[in-house]
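J.: Take this structure first; my questions come after.
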Amino acid sequence: MKIAVAPTVMLLDLIVFGIVPAPKVVASVVLVCLGIGIATVTDSTLVKHFYGICVGAAATLITALYQMWAGSKQKELQASSMQLLHQYTPQAALILGLLIPLMEPVGWASLTGNAAAAGNGKTILSYQYTPAAVAVIFVSAVLGLLVSLSTFLVIGCTSSLTYNVVGHLKTVIILTGGCLFFGDEMPPKKLLGVGVAMAGIVWYTQLKIGSAQAKLAAKAAEPLQLVVSDSSNGGSSSANGTRYNSSNGVDEGIMSPASLISPSMSTAKPRIVTTADKAAAALYYKPAASAVLPALHRPNR
């Protein structure tokens, strides 16, 4: 059911946030899920027990909601991954502490000395904790903490959908590494699934890189769009607040090239003429540019 988390995330994004994914993004995610399904699903009978299907569907839905919650809360609270983990971990530990006695064989009988009833060391309380076992438990806990931190980092920097694609890449690496380093078999079906999944991952990555580059280009072009016309006095304002008067072609923010002080505010502090001032004057006031630019090019004293 883990394969269904990514499509569930896209569906919930559409329902909850109204985010419509691009058709190419949907196709790439479907390709990734199809490849992982070909490589990992070996049971021909997918539906055996209705109860198991219900549990799996509930787990898929909760996982998708959890990942979306992690991303939305980081953006809403402007919190870092470590801050979110700091607030989340105590609550998760409390919930798990309440569920352990209900779901795990604790072994309360071992407290009364009844080892047979306790399961002969197969319960939590009757287990013989050696230094090596405690060290393994500690390392496992640290790794689990790092997994949670990496989850918040990836989701916070990208999205929950990208996090799922990264998770499928991990599956591909595990399958390939098992074949290369541990002698696992790579039948044609598994090889085909790995190839299809990698094609989808590469496609998804290219789409996201192109989208990010387009956003950066649009952001870089924003300062050029901030120069707007000022209909009240027949002039215009540049991005840094410099006002140009088209009637006389003189920068109202500059009284003289030597002082660079506004005539309307004799007590104003000197201001350095920037490249944006020159570009705006040359671009929007070509008739007056010959009168303005020589003054702008004079060295400041």
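J.: Using a 1.4 angstrom probe, figure out how much accessible area the range 118-163 has per residue, in square angstrom, rounded to the nearest whole. Don't jump to the answer; show the numbers that get you there.
T.: Working: 2890 Å² over 46 residues.
Ligands and nucleic acids excluded, the result is 63 Å² per residue.
J.: Among the listed pairs Lys2/Lys215; Lys75/Lys170; Lys2/Lys73; Lys75/Lys208; Lys73/Lys170; Lys73/Lys208, which are separated by more than 28 Å between their Cα atoms?
T.: Values: Lys2/Lys215 31 Å; Lys75/Lys170 26 Å; Lys2/Lys73 23 Å; Lys75/Lys208 19 Å; Lys73/Lys170 25 Å; Lys73/Lys208 22 Å.
Too far apart for the 28 Å limit: Lys2/Lys215.
J.: How many Å² of accessible area per residue for the range 1-80, probe 1.4 Å? Show your work: numbers first, answer last.
T.: Working: 4950 Å² over 80 residues.
Result: 62 Å² per residue.
J.: Which value in nm describes the separation of the simple spin-label points at Val16 and Met1, placed 7 Å from the Cα toward the beta carbon?
T.: 1.7
J.: Mind checking the full-extension length gain between Ala27 and Tyr51? Use 0.36 nm per residue of separation minus the Cα-Cα distance, one decimal, nm. Kindly include the intermediate steps, with their values, before the conclusion.
T.: Numbers: separation 24, 0.36 × 24 = 8.64 nm, distance 3.09 nm.
Here the answer is 5.5 nm.
J.: Which residues among the range 155-180 fall inside the zone where the amide N is under 20 Å from a point 7 Å beyond the Cα of Ser211, along Cα→Cβ?
T.: Counting only backbone N, you get 155-170.
J.: Continuing with this model, one more query. Quote the FRET efficiency, to the nearest 0.05, computed for Thr158 versus Leu94 with a Förster distance R0 of 41 Å and r equal to the Cβ-Cβ distance. Before the final figure, lay out the partial values.
T.: Values: r = 29 Å, r/R0 = 0.72.
So the FRET efficiency works out to roughly 0.90.
The values are calculated or read from the model by the stated rules, or taken from the named source; none is laboratory data. Please read these numbers as outputs of a predicted model, since none were measured by experiment. Every residue, glycine among them, receives a Cβ derived from its backbone with ideal geometry; neighbour counts consider all protein chains shown. We work out accessible area using only protein heavy atoms, side chains counted, and drop any ligands, DNA or RNA first. Shrake-Rupley method; radii C 1.70, N 1.55, O 1.52, S 1.80 Å.
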